[in-house]
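First the structure, in the form of structure tokens, and then the observations on it.
The values are calculated or read from the model by the stated rules, or taken from the named source; none is laboratory data. Values in this document were obtained by computation on a predicted structure and should not be read as measured data. Glycine gets a Cβ as well: all are built from the backbone with ideal geometry, and neighbour counts include every protein chain shown.
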């Protein structure tokens, strides 16, 4: 008779117990360690965050924009903790001193070689099932943005340099360069 292998289930306490400066995410009780982002990644995060924040401010919007590192406690349990590259949260009741309790309305992830399968598969499924309204995967290597608008069950792909419509804001377009 083979012994069953018991996989350790981690919690947010394990994330907070990580050594200073070490970053990881927690999905369904499994820890995924994160590599530091490169310069191009950070430039994209800053540019996109600025465009979104500027649009919201000019239109007296209610949503808040948070670039990583920003804690998102998905499903409001202790086994799911992510740090999306950009989180847009429209429900102010979800925002606490520790981060976002529940799902953001819009999440953007910038793909790196080390995060590719996480962004395209693991997080895609987790964001969809937890109630994120819109999820963008920005891939600087392929110079492509994949937009999942879960409320309409649609997926669109855009090349860098084209105007991309934002699903949660009618009339708002972003150009990723």
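From the list 119, 105, 47, pick out the single residue that is without any contact (Cβ under 8 Å) to a residue 40 or more places away in the chain and surrounded by 12 or more Cβ atoms within 10 Å (Cβ to Cβ). Reasoning before the result, please.
Working: 105 fails: without any contact (Cβ under 8 Å) to a residue 40 or more places away in the chain; 47 fails: without any contact (Cβ under 8 Å) to a residue 40 or more places away in the chain.
Sole residue among the options that is without any contact (Cβ under 8 Å) to a residue 40 or more places away in the chain and surrounded by 12 or more Cβ atoms within 10 Å (Cβ to Cβ): 119.
Considering only residues that are touching a helix residue (DSSP H, G or I) at 6+ places or on another chain (Cβ under 6 Å) and at pLDDT 95 or above, look in the stretch 34-77 and name the one that is nearest to residue 116 (Cα to Cα).
Only one residue fits best here, namely 67.
Quick one: which residue in 171, 131, 161 is at positive phi and in contact with a strand residue (DSSP E or B) (Cβ under 8 Å, 6 or more places away or on another chain)? Don't jump to the end; show me each part of the working.
Values: 171 fails: in contact with a strand residue (DSSP E or B) (Cβ under 8 Å, 6 or more places away or on another chain); 131 fails: in contact with a strand residue (DSSP E or B) (Cβ under 8 Å, 6 or more places away or on another chain).
Step by step, each of 171, 131, 161 is checked, and only 161 is at positive phi and in contact with a strand residue (DSSP E or B) (Cβ under 8 Å, 6 or more places away or on another chain).
Under the condition of being in contact (Cβ under 8 Å) with a residue 60 or more places away in the chain and under 11 Å from the mean Cα position of the chain (by Cα), which residue from the stretch 82-102 is farthest from residue 23 (Cα to Cα)?
Residues of the stretch 82-102 that are in contact (Cβ under 8 Å) with a residue 60 or more places away in the chain, as a first pass: 83, 88, 90.
Right, trim to under 11 Å from the mean Cα position of the chain (by Cα) and you get 83, 88.
Details: 83: 9, 88: 21 Å.
Looking at the filtered set, the residue picked out is 88.
Only one residue in 22, 8 is surrounded by fewer than 18 Cβ atoms within 10 Å (Cβ to Cβ) and at pLDDT below 90, so which one is that? Walk me through it before giving the result.
Details: 22 fails: at pLDDT below 90.
Of 22, 8, the one residue that is surrounded by fewer than 18 Cβ atoms within 10 Å (Cβ to Cβ) and at pLDDT below 90 is 8.
Tell me yes or no: at least one residue of the stretch 28-36 is crowded, with 19+ Cβ neighbours inside 10 Å, touching a strand residue (DSSP E or B) at 6+ places or on another chain (Cβ under 7 Å) and more than 19 Å from residue 134 (Cβ to Cβ).
Taking the stretch 28-36 as the starting set, the residues that turn out to be crowded, with 19+ Cβ neighbours inside 10 Å are none.
Within the stretch 28-36, not a single residue is crowded, with 19+ Cβ neighbours inside 10 Å, touching a strand residue (DSSP E or B) at 6+ places or on another chain (Cβ under 7 Å) and more than 19 Å from residue 134 (Cβ to Cβ).
Name, by its number, the condition in (1) buried (at least 19 other Cβ atoms within 10 Å of the Cβ); (2) part of a helix (DSSP H, G or I); (3) touching a helix residue (DSSP H, G or I) at 6+ places or on another chain (Cβ under 8 Å) that does not hold for residue 128.
(1)
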